[in-house]
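Worksheet: one structure, shown below.
The values are calculated or read from the model by the stated rules, or taken from the named source; none is laboratory data. This structure is a prediction, so every number in the text was calculated from the model and none was measured. Ideal geometry is used to build each Cβ from the backbone, glycine not excepted, and the neighbour counts take in all protein chains shown. For accessibility, only protein heavy atoms count, side chains too; no ligands or nucleic acids. Shrake-Rupley method; radii C 1.70, N 1.55, O 1.52, S 1.80 Å.
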Amino acid sequence: MIRIVTRARLARLEDEARTANEQAQQTNGAANEAFGRHVRELYAVTDRAERAEAATTEVGALLSGALAELSAAQQELLRKDIEIRRLREDLSRGPREGETLTVLLHYGEPHTIYASREDAYADTATHGADPDAVWVPAGERPPSASMWRCEAFIYDAAGNGFRRAYMPAPKPIEEAA
């Protein structure tokens, strides 16, 4: 089949081709813009996901540390609760004959009362005394002569109270005057 193409038809075909080419370029531009938007959204979503993952990891580490601290605090609270119960039992039973207390004196003034001499020694370390210091008997020195001094007291049921465990050496009457 033979077809005869006229100038008008050729101009119309060229015009339609140009229009189709322009539409193709516009469609291609719109597709490129849409692809660019999708890529930017993908980068933004990826960035948010990476930041969320990093935040999750950081929160996980903080939570793990907080749980460890909570566990330690609960253990300490349990120990203190047990100690409080023990002290309440000791308090409710009252003093027993021969039971001792130690009074920690600071320059002769009562500072604190302890159940044991070791507790008193440990407390002086918290107030700046050398924890490895060797404690020696005070002898006849007055209590105010020592920065820290421990005095032991024994419960005396007959006297309805505590008495000193170590009484000073008695002096003859003529020396006391």
*Residue check: is LEU101 in a strand (DSSP E or B) and either touching a helix residue (DSSP H, G or I) at 6+ places or on another chain (Cβ under 6 Å) or modelled with pLDDT of 75 or more (or both)?*
yes
*Considering each residue of the stretch 74-130, count those that are in contact (Cβ under 8 Å) with a residue 24 or more places away in the chain, closer than 19 Å to SER144 by Cβ and open to solvent by less than 70 Å² (accessible area, probe 1.4 Å), and give that number.*
8
*asked:* I'm told ILE4 meets every condition in (1) assigned to a helix (DSSP H, G or I); (2) open to solvent by 100 Å² or more (accessible area, probe 1.4 Å) except one. Can you identify the failing condition by its number?
replied: (1)
*Taking the stretch 131-157, which residues are loosely packed, with under 12 Cβ neighbours inside 10 Å and acidic (Asp, Glu)?*
ASP132, GLU140
_From GLU69, GLU58, GLU33, GLU76, residue being under 17 Å from the mean Cα position of the chain (by Cα), among the charged types (D, E, K, R), farther than 30 Å from ALA115 by Cβ and in a helix (DSSP H, G or I)_ = GLU69
